[in-house]
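The values are calculated or read from the model by the stated rules, or taken from the named source; none is laboratory data. Remember, it's a predicted structure, so these values are computed and weren't measured experimentally. Cβ atoms come from the backbone with ideal geometry, glycine included; neighbour counts cover every protein chain shown.
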Amino acid sequence: MSELMSAGDLAAMGAAALVSEMARSTWQGVRDVLARFFGSRDEEGAPGQVLQLDAGYELLSRTDDANQPAVESALRTTLGIQLESFLRNHPDAAAEFQALIEKTTGASGPADGTLTVRGNTNSQIVVSRGSIIGNTLHYRPEAQQ
């Protein structure tokens, strides 16, 4: 494991990873791991922590594409505050939380990423988080008029 990070840095990294996971099909598994993590450190406060995660997920899942970046940014800030508060109240949990986040980001790739495409007239953009070997892509631009 890498050197232990400060609560603020660790919370920011965790928030970015969580927002990224909320947009993936793996969110439920990550949510369950975090629910167990919070519960092992703070049985009484864990339901509230998980409720906040669920509210963030619900908001993100109902957000249209145009507003997605703004909502993701707001969630990273909100979750960062939540996680930093938790880590400051439970400093003994920092190493375990860091290991969870490193495992999560290692399994699914970087926590954040941006793709901007401009001037792609008569072209196709293919984005893959894994191998595209074995897939066949056929592209024919629309007939010029």
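Brief remarks follow.
- With respect to the stated conditions, residue 118 is at pLDDT below 75, among the basic types (Lys, Arg) and either out of contact with any helix residue (DSSP H, G or I) (no Cβ under 6 Å at 6 or more places or on another chain) or not in a helix (DSSP H, G or I) (or both).
- Taken over the range 35-77, the criterion of being among the small types (Gly, Ala, Ser) and either within 11 Å of residue 19 (Cα to Cα) or in contact with a helix residue (DSSP H, G or I) (Cβ under 8 Å, 6 or more places away or on another chain) (or both) is satisfied by 35, 39, 45, 46, 56, 61, 73, 74.
- Among the candidates 61, 40, the residue that is closer than 14 Å to residue 97 by Cβ and among the hydroxyl-bearing types (Ser, Thr, Tyr) is uniquely 40.
- The range 45-59 residues that are among the aromatic types (Phe, Trp, Tyr), paired with ones that are assigned to a helix (DSSP H, G or I) and surrounded by fewer than 14 Cβ atoms within 10 Å (Cβ to Cβ) (beta carbon under 9 Å, 6 or more apart): none
- Breaking point among (1) assigned to a loop (DSSP other than H, G, I, E, B); (2) without any contact (Cβ under 8 Å) to a residue 40 or more places away in the chain, for residue 36: (1)
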